[in-house]
Amino acid sequence: MMLIKNGMVIDPANRIEQPADVLVKDGRILRIAKEITEEGLSPSDSACGTDCETIDASGCIVAPGLVDVHVHFRDPGFTYKEDIESGAQAALRGGFTSVVLMANTKPAVDNADTLLYVIEKGKKTGLKVYTCATVTKGMAGKELTDMEMLLEKGAAGFTDDGIPIMDAGLLERAMTEAASLHVPVSLHEEDPGLISNNGVNRGKASAYFGIGGSPREAEISLIRRDLEIALKTGAILNVQHISTKEGVELVRQAKKKAALSGMNNIHAEATPHHFSLTEEAVIEHGTLAKMNPPLRGEADRQAIIEGLRDGTIDIIATDHAPHSQDEKARPITEAPSGIIGLETALALGITNLVSQKRLTMVQLIERMSANPAQMYRLSAGTLAQGSAADIVIFDANASQVVKDFASKSSNSPFMGQTLQGVVRYTIVNGNVVYRRR
C-alpha cells in the first residue's frame, strides 16, 4: 500500500485539480480524497504499519504518469545508441510510465519475431513498453505488412516513422485496413524529393551552412495529402512532429471537417524541441540541433504553441532519437538527425509553455498523458479509481541544470540550460521505479 500526501492532484481525464491525498493498494488507485490518514483507514485498507509507504508530496504536483507515443529505443540493431533497458531508465527519470516505440529498428518491426522480442524485453523493465509495427515490409514503401496479425501479436499501432510513404495508393490501402482494425497510423510527413539536405531548415540555417536544406513545402504537401486520405477512409491518423505553421492550419481545418462528419480521427503531435527552439539553434549548436523535420522560424514555433493551446495539436511527444557522440561529431550534412528528449520534455513544457502562460498545467499534463493514451487506447493517462497506479510526482517550481542523462546518448541542444520543473518520483503499478535523490 502507498499513501501520497499533501500534493496538488491534477488528473485531466477526470477533471481533477485540487489539493488531495492519493491512496494506492495492490498497484491500483484506491481513493483520492482531501485528507487520508493511516489511522483513518478501514481495517481492510489498513497498512499495518511498515507495509504502507508514505510519500510527502508537499509543494509538488501529483499527476498520471506521462505517456510518450513517439520514442526510439534502437533495439534491436543499434544498441550502441540506446537499448530498451537504458531507454526505459531515461523515460522513468523523465516521469514517463508508458512509451510507444517506433519500428525502424534492424530488423524492422515488420514481423512477429521482432515484435515479440521488443515486447518481451520491455516487460523486464520498470516501464510499460509498447511498440508500433511498420506499415510496409522493410519500410520500403512497396508492400503492406500483415497488419491484422501484427495487431493480434501486440502491436500498438503502425508507422514507417523516419521514412515517408510516398505511394498514395498504398497508403490509402493501409489506412483503410487500419480503419477496420481501429488502430492509429502515425506518419512522418516529409517529401524527400523536395529536400536537398535534411535536418536543416531551408532558410537562414541552410544559408549559414551553405547547403540546400529542407523546405517547408516538403512537410506541407504530405500533410495535406495524408489528411485527405484519413478523412476519406476514416482512419485514425497521427501527424507526427509537426514543424510548420501551414501544417498546423491544415490539421486545424481537417479536424473541423472530421467533426462535421461525426469523426474524431485526426491527431497531431508536437515535440518539445519544436515548441522550444527555432533554426537559430542549429546555427548555435550545429548537429546537436539537427532533426527531421527541422527546426523552423519563430512564426512556426508560435503557431505550434497556439495549436497546442487550442487543441489542434493534441499530443506532445518527444521523438526521443539517440545517436552516439561520434555520429553527431560528423559534418552537418553527414551527421544523423535527431535528439534525445525523454529526460527534458516535462521541464521544457513547464519552462516554455506553462511558465510563459501559453498552456495551463492541466493542458500540459493532458497533452502528455491522457490524450496520447486515448489515441493508442492504452490503459494509462488517468488516476481514476481502480486504474493502474502509474503516477508522476514533480516540483513545478524547482529548477535543474541539464548536465547528465540516463540515456546511453547525450545528443541534446539543451545541455547546460537551466529548466524549470523537476521529477521527484515516478511510480508504475504502485511501485516507485524512480526517485530523485
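The values are calculated or read from the model by the stated rules, or taken from the named source; none is laboratory data. Keep in mind that this is a model prediction, so the values were computed, not measured. Reconstructed Cβ throughout: ideal geometry from the backbone, glycine too, with neighbour counts over all protein chains shown. We work out accessible area using only protein heavy atoms, side chains counted, and drop any ligands, DNA or RNA first. Shrake-Rupley method; radii C 1.70, N 1.55, O 1.52, S 1.80 Å.
Any idea what angle helix 168-181 forms with the longest principal axis of the chain, computed on alpha-carbon atoms, 0 to 90 degrees, nearest 10?
Orientation of helix 168-181: about 20 degrees from the principal axis.
Compute for the range 289-369: radius of gyration divided by Kirkwood radius, i.e. Rg/Rh, restricted to C-alpha atoms, rounded to two decimals.
Using only Cα positions, Rg/Rh for the range 289-369 is 1.03.
Suppose each label sits 7 Å from its Cα in the direction of the beta carbon; what would the Ser180-Glu217 distance come out to in nanometres?
Taking the two extended label points, one gets 3.7 nm.
Among Pro107, Pro293, Pro336, which one shows the highest mean-square fluctuation when the chain is modelled as a Gaussian network with alpha-carbon springs under 10 Å?
Pro107
Most fluctuating residue of Thr418, Thr382, Thr97 in a GNM of the chain with Cα springs under 10 Å: which is it?
The residue with the greatest mean-square fluctuation here is Thr418.
Give the accessible surface of the range 365-411 per residue, rounded to a whole number of Å², with probe radius 1.4 Å and ligands, DNA and RNA excluded.
Accessible area per residue: 37 Å².
Compute a Gaussian network model of the chain, connecting alpha carbons closer than 10 Å, and tell me which residue from Leu250, Leu346, Leu383 fluctuates the most.
Judging by the Gaussian network model, the answer is Leu250.
From Cα pairs below 8 angstrom and at least 6 apart in sequence, can you work out the relative contact order of the range 127-260, rounded to a whole percent?
Relative contact order for the range 127-260 comes out at 21 percent.
Can you send over the solvent-accessible area of Glu228, 1.4 Å probe, protein chains only, in Å² to the nearest 10?
Glu228 has an accessible surface of roughly 120 Å² with all protein chains in place.
As a test, work out the antiparallel percent of DSSP beta bridges whose residues both lie in the chain, rounded to the nearest 5.
Given both bridge residues lie in the chain, the antiparallel proportion sits at roughly 55 percent.
In units of 2.2 N^0.38 Å, what is the alpha-carbon radius of gyration of the chain?
0.95
Enumerate lysine pairs in the range 176-325 that are 8 or more residues apart or on different chains, then count those whose Cα atoms are under 26 Å apart.
10
Classify the range 88-236: rounded, prolate or oblate, from the alpha-carbon gyration tensor (a ≥ b ≥ c, eigenvalue square roots; a/c under 1.5 rounded; otherwise prolate if a/b is larger than b/c)?
Because a/c hits 1.5 or more and a/b fails to exceed b/c, the range 88-236 counts as oblate.
Sequence gap at least 6, Cα distance under 8 Å: using those rules, report the relative contact order of the chain to the nearest whole percent.
Result for the chain is 20 percent.
Explain nothing, just the number: relative contact order of the range 285-422, from Cα pairs under 8 Å at least 6 residues apart, as a whole percent.
Relative contact order, the range 285-422: 28 percent.
If you roll a 1.4 Å probe over the heavy atoms of the protein chains, what accessible area per residue do you get for the range 33-175, in Å²?
Computed with neighbouring chains in place, this is 39 Å² per residue.
Using the crude model of +1 on Lys and Arg Cβ and -1 on Asp and Glu Cβ, and no other charge, please compute the dipole size for the chain relative to its Cα centre, in debye to 20.
Computed about the Cα centre, the dipole is about 480 debye.
As an exercise, use a Förster radius of 30 Å and the Cβ-Cβ distance of Asp51 and Arg15 to find the FRET efficiency, rounded to the nearest 0.05.
0.40
Between rounded, prolate and oblate, where does the range 178-317 land on the alpha carbon gyration tensor, with a ≥ b ≥ c its root eigenvalues, rounded for a/c under 1.5, else prolate if a/b exceeds b/c?
Verdict is prolate for the range 178-317.
For labels at Ser399 and Lys124 in the simple 7 Å Cα→Cβ model, what's the distance in nm?
4.2
Is it possible to state the helix-based mean residue ellipticity at 222 nm for the chain, with each DSSP H run of 4+ residues giving -39500 (n - 2.57), the sum divided by total residues, to the nearest 500 deg cm²/dmol? What is it?
It comes out at -8000 deg cm²/dmol, rounded to the nearest 500.
Whenever you get a sec, compute what percent of the accessible area on the chain sits on carbon and sulfur atoms (1.4 Å probe).
Percent of accessible area from carbon and sulfur atoms in the chain: 47.
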